[in-house]
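First the structure, in the form of structure tokens, and then the observations on it.
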Amino acid sequence: MVNKTITCIHCESEKIVKMGKHPNNKQRLKCKTCGKTFQEQYSSNGAKPKTKLLIVEMALNGSGIRDTARVLNVSPNTVLSVLKKQKSSS
């Protein structure tokens with residue numbers, strides 16, 4: 001049996017606890033260090049934190065919504081949603 005060490009995708013801490021299941025039946029995890037929740041694997045490309053970061057970076061570099069969606073293989077609605085959430089959290 002192989003034990004796989006899970007680290008937080010936000011702060012890379014190893015202090016992780018299980019926190020229920022997502023509606024798509026995937027295990028949710030919570031980092032005790034930064035308090036953020038995440039999944040070990042995401043089913044859609046637009047839900048990945050790395051994709052969300054790339055969306056914001058491309059917007060800051062002047063890429064349009066459709067161009068960003070095409071390059072990252074996500075919906076233009078996903079790009080808009082991420083940018084709106086980023087604006088409200090700033």
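Side notes on the structure shown:
- Index of the failed condition, residue 52 passing every other in (1) part of a helix (DSSP H, G or I); (2) touching a strand residue (DSSP E or B) at 6+ places or on another chain (Cβ under 9 Å); (3) basic (Lys, Arg): (2)
- Beta carbons closer than 9 Å, at least 6 apart along the sequence or on distinct chains, pair a first residue in region 12-26 that is free of Cβ contacts under 8 Å to residues at least 60 places away in the same chain and at negative phi with a second that is open to solvent by less than 70 Å² (accessible area, probe 1.4 Å) and among the β-branched types (Val, Ile, Thr) for 13/7; 14/6; 14/7; 16/6; 16/7; 19/37.
- On the stretch given as region 1-11, residues that are hydrophobic (A, V, I, L, M, F, W, C) and either surrounded by 11 or more Cβ atoms within 10 Å (Cβ to Cβ) or within 27 Å of residue 74 (Cα to Cα) (or both) total 4.
- Once region 60-90 is narrowed to residues that are surrounded by 13 or more Cβ atoms within 10 Å (Cβ to Cβ) and under 29 Å from residue 13 (Cα atoms), the residue that is modelled with the lowest pLDDT is 86.
- Residues that are open to solvent by less than 40 Å² (accessible area, probe 1.4 Å), among the hydrophobic types (A, V, I, L, M, F, W, C) and under 22 Å from residue 79 (Cα atoms), drawn from region 12-58: 38, 47, 55, 56, 58
- Residue satisfying all of: in region 55-78; assigned to a loop (DSSP other than H, G, I, E, B) and among the small types (Gly, Ala, Ser); farthest from residue 44 (Cα to Cα) among these: 62
The values are calculated or read from the model by the stated rules, or taken from the named source; none is laboratory data. Treat the numbers as computed from the prediction; the structure is a model and nothing was measured. Because the Cβ atoms are built from the backbone with ideal geometry, glycine has one as well, and the counts that use them run over all protein chains shown. These accessible areas exclude ligands, DNA and RNA; they are computed on the full protein's heavy atoms, side chains included. Shrake-Rupley method; radii C 1.70, N 1.55, O 1.52, S 1.80 Å.
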